[in-house]
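The values are calculated or read from the model by the stated rules, or taken from the named source; none is laboratory data. The shown structure was predicted, so the numbers you read here are calculated from the model rather than taken from an experiment. Cβ: placed from backbone, ideal geometry, glycine included. Neighbour counts: every protein chain shown.
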Amino acid sequence: VSQACNPGAACGHIPSVNASEHFEALYSEHARAVLAYTRRRCDRSEAEDVLAEVFLVAWRRLESIPPHDARVWLLGVARRVLSNKRRGTARRAALHSRLAESQPRDGGVFPDANVGDSHVLQALASLDEGDRELLLLLGWEQLDRYEAARVLEIRPGTLSVRLHRSRRRFARALAATGHPPFAIEPTNTMETQ
Amino acid sequence: MRTAETIALVQSANPIPLDPPAPPIEPLLARLDRSARTPESPLRATLRTGTRPSRIPRLGLAVAAIAALAIAITVVLAGRPSHGGPDIAAAIARAITPGPGVLHIVTETENTVAGAPARKTHEELWSAQSPRRLHTHSVLNTGSETIEDEGALLSVSPPRTLSWSASQPDTITESTQPVDATEQTPDAWLREAVNDHRAQVAGQVEIDGRHAWRLTISRPPTPHPQLLEGRELPAPTVLVDANTYDPLESVAYALSSTGGHPTLETITTRYLAYEELPATSANEAQLQLASHPAAKITPEPPAG
């Protein structure tokens, strides 16, 4: 029976060719960014597992992915998949050690990678997950605050308030690592980048 | 320090400043094809993961091999007797068709991939029909960590499931997401396979002192054949008790991914118990989630 169905429906139908092409194009365009997101937060093998899970979710919900905002949508899924994974495991500790490392575990794959500032990584590792994720979305994923808000499923105004707090905590944490001190300027919590 | 400076400082510490190359899509397509053909029941996904019903086969976590088995082999038993013996398929069908009691299954499953430690899952499951209910308890050992999950389907209509994980012992997650009412026990694939009459009896063997029929399973054609280095995956095999026809062991194969490269995953499931218990109140009680006095029931959080 040839009957149209949602490619993610639990009907067991093989999805249409168009859906498959759409999915492959989505993967081709965004898999690298999603993998970069996951590899910045966990080790390589887990990152690839998460990547696969993200795109399996994408397959299920292909029709609900906003065409002009797919990357942000996928990163939001990646965040939730990682969050679910961490619930029951010691991966939070692994993440901390991952962040605190001065270079990627599989260093050599990116020999020209900027290995970063260990003080900054230590400071990030010491933050709670909400503060850290916000700063990483802006700094590592280079999202704007509206995109980051969508990934975090919060309103932009809420994000601005959180960002203000996160910056202050990050500054304190950074100072605690021995990083040269710097001033924390008072800012308007609705400051825009 | 203003926001832009803070973000620039964070950015300077990015350990992966360049987007890495993504793994090839083919293993993912193979998984999608398998899940489209024989989806993991949303219920089972719920019970295993404690998250919303999903068709996601979980690579790293609770791919309890029974589910992986169901996904991987898409089996159908070609049950015609191949050498004039008894109709093995019909006998198996009778043996594994649920009755009015409480079906109790205990399995041990080992997922192995070359070069990686085996993942072992011990699962105990109780299920009943009319109305359909299910309770599973599984312990996955990855070699580096142990993940214990428990779940119960209390009602298909309206849908209600509860799940608990040792990782969050204080929380029981309640879901009212629709569940798949058609596939809820690990032997469902076998029942479906028997009904489709596609298996070959490959002889008798002995396992743990018991005589068993050995069956090889043929795959149905798929638009995306599961290929490893250009060849289709090996055919799964199933052992059933030669006297009772209860399942004893199955060996299935799946296309997995290691470092982005397709690899062969072998899934061996041994049935330690397969029995139908009478529908007594004590046995019916096994269909409930175990008591977790310290746990609070909370609605399922939103997810992908």
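Some notes on this structure:
- Residue list for the stretch A:115-142, restricted to those being at pLDDT below 90, aliphatic (A, V, I, L, M) and within 13 Å of the chain's Cα centre (by Cα): none
- Number of residues in the stretch B:19-30 that are out of contact with any strand residue (DSSP E or B) (no Cβ under 7 Å at 6 or more places or on another chain) and over 17 Å from A:LEU75 (Cβ atoms) equals 5.
- The listed residue being touching a Pro at 6+ places or on another chain (Cβ under 6 Å) and more than 16 Å from B:GLU108 (Cα to Cα), out of B:PRO159, B:PRO131: B:PRO159
- Residues being at pLDDT 60 or above and β-branched (Val, Ile, Thr) - total across the stretch B:19-44: 1
- Among the residues of the stretch A:38-47, those identified as out of contact with any Lys or Arg (no Cβ under 8 Å at 6 or more places or on another chain) and either in contact (Cβ under 8 Å) with a residue 12 or more places away in the chain or more than 8 Å from chain B (Cβ to nearest Cβ) (or both) are A:THR38, A:ARG39, A:ARG40.
- Among the candidates B:GLU123, B:GLU110, residue that is closer than 18 Å to B:GLU148 by Cβ, touching a Ser or Thr at 6+ places or on another chain (Cβ under 9 Å) and surrounded by fewer than 20 Cβ atoms within 10 Å (Cβ to Cβ): B:GLU110
- Residue in the stretch B:179-200 that is outside any loop (DSSP other than H, G, I, E, B), at pLDDT 85 or above, touching a Leu at 6+ places or on another chain (Cβ under 8 Å) and not aliphatic (A, V, I, L, M) present: no
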